[in-house]
Amino acid sequence: MKRLFAVYGFSGFGREVCPVLQSQLEGQPRDSAPCEVVYIDDAATDGQMLNGLEVHTFNSFLNKPADERQVVVAIADAAIRQKLTHRCEQAGVPQFSVRAENVVELDNVEIGEGSILCPFVTLTSDIKIGKSFHANIYSYVAHDCVIGDYVTFAPRVNCNGNVHIGDCAYIGTGAVFKQGTPRRPLVVGKGAVVAAGAVVTKNVPAGATVFGNPAVPLTRANLEARRDRG
């Protein structure tokens with residue numbers, strides 16, 4: 001029996017995820033079925049290789065001989081990730097999750113399928129996370145957080161306790177969230193974007209983009225005011 005695992009997307013993030021996946025598979029029992037790892041990219045050409053691995057279009061991946069095949073989508077854009085996940089589901093290809101060996105996870109953490117937890121990620125206690133969550137290196141999620149589907153954390157995101165983040169939100173590198181409370185969690189709406197380095201102290205509406213310290217909506221007036229102060 002041969003198992004085929006694919007990383008969908010061979011941009012920079014996909015190339016970071018693949019070695020983590022290979023290490024994860026190497027840690028499986030010796031009597032497990034043999035595994036092969038490939039990339040999927042819809043612009044791939046016949047015979048293309050990347051870092052010693054084959055690159056396939058989605059259709060050629062489906063036609064590659066294997067007894068079992070699974071995919072993880074390693075693309076940061078939530079809308080594209082969601083579209084490709086649905087494509088895999090329609091083709092009957094299940095998702096799997098990638099998890100670095102040094103991820104720290106404490107008590108009562110729920111996380112959906114298709115997640116990618118990169119090296120040095122920390123998840124503490126009583127956390128609920130949806131499917132296809134990406135947590136890049138050194139990101140942190142504290143107690144009593146609720147995170148939706150297709151949420152992306154760039155590197156070094158600090159998500160303190162009692163924060164609720166809606167589906168498809170994108171959180172930029174080094175963003176920090178003020179801790180909420182059980183009665184009044186800090187809420188980031190669906191599809192919101194938090195810019196790199198932002199310090200979020202108030203709720204973020206759905207679809208909004210915020211930046212700065214403290215984080216404010218991305219408007220011409222706010223940009224001009226920050227420039228005047230800086």
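The values are calculated or read from the model by the stated rules, or taken from the named source; none is laboratory data. None of the values given here were measured: they were computed from a predicted structure. Note that we place each Cβ from the backbone using ideal geometry, even for glycine, and neighbour counts take in every protein chain shown. Ligands, DNA and RNA are stripped out before the accessible areas are found, and what is left, the full protein with its side chains, is counted by its heavy atoms. Shrake-Rupley method; radii C 1.70, N 1.55, O 1.52, S 1.80 Å.
Cα centroid separation, region 124-198 to region 55-92: 26 Å. Accessible area per residue for the chain is 49 Å², calculated with a 1.4 Å probe on protein heavy atoms, without ligands, DNA or RNA. Sequence-distant contacts, meaning Cα pairs under 8 Å at least 6 residues apart, place the relative contact order of region 34-153 at 16 percent.
With the convex hull of the Cα atoms taken as the outline of region 17-89, the averaged projected area works out to 5.7 nm². Given their separation in residues at 0.36 nm each and the Cα-Cα distance between them, GLU16 and ASP67 gain 15.7 nm when the chain is fully extended. Cross-linked pairs LYS2/LYS131; LYS128/LYS202; LYS128/LYS178; LYS2/LYS190; LYS2/LYS83: Cα-Cα separations exceed 30 Å for LYS2/LYS190.
Normalising the average separation of contacting C-alpha pairs (under 8 angstrom, six or more residues apart) by the number of residues puts the relative contact order of region 71-230 at 12 percent. Along region 79-93 the Karplus relation, 6.51 cos²θ - 1.76 cosθ + 1.60 evaluated at θ = phi - 60°, assigns HN-Hα couplings of 5, 5, 4, 5, 4, 6, 4, 5, 4, 5, 4, 5, 8, x, 9 Hz to successive residues, with x for each Gly and Pro. Applying the Karplus relation 6.51 cos²θ - 1.76 cosθ + 1.60 with θ = phi - 60° to region 168-181 yields 3J(HN,Hα) values of 6, 6, 10, 10, x, 4, x, 5, 10, 10, 4, 5, x, 10 Hz, where x marks Gly and Pro. By definition, a body whose alpha carbon gyration tensor gives a ≥ b ≥ c is oblate when a/c is 1.5 or more and a/b is not larger than b/c, and region 1-51 fits this oblate description.
From the P(r) of region 53-191, could you give the percentage of C-alpha pairs in the tail past 23 Å? Roughly 34 percent, once rounded to a whole number. A Förster radius of 41 Å, combined with the Cβ-Cβ distance separating GLN90 from ALA196, puts the computed FRET efficiency at roughly 0.75.
Here the accessible area is traced with a 1.4 Å probe on the protein chains. For the chain, carbon and sulfur cover 50 percent of it. Compared with the dominant Cα axis of the chain, that is its longest principal axis, helix 12-26 is turned about 60°.
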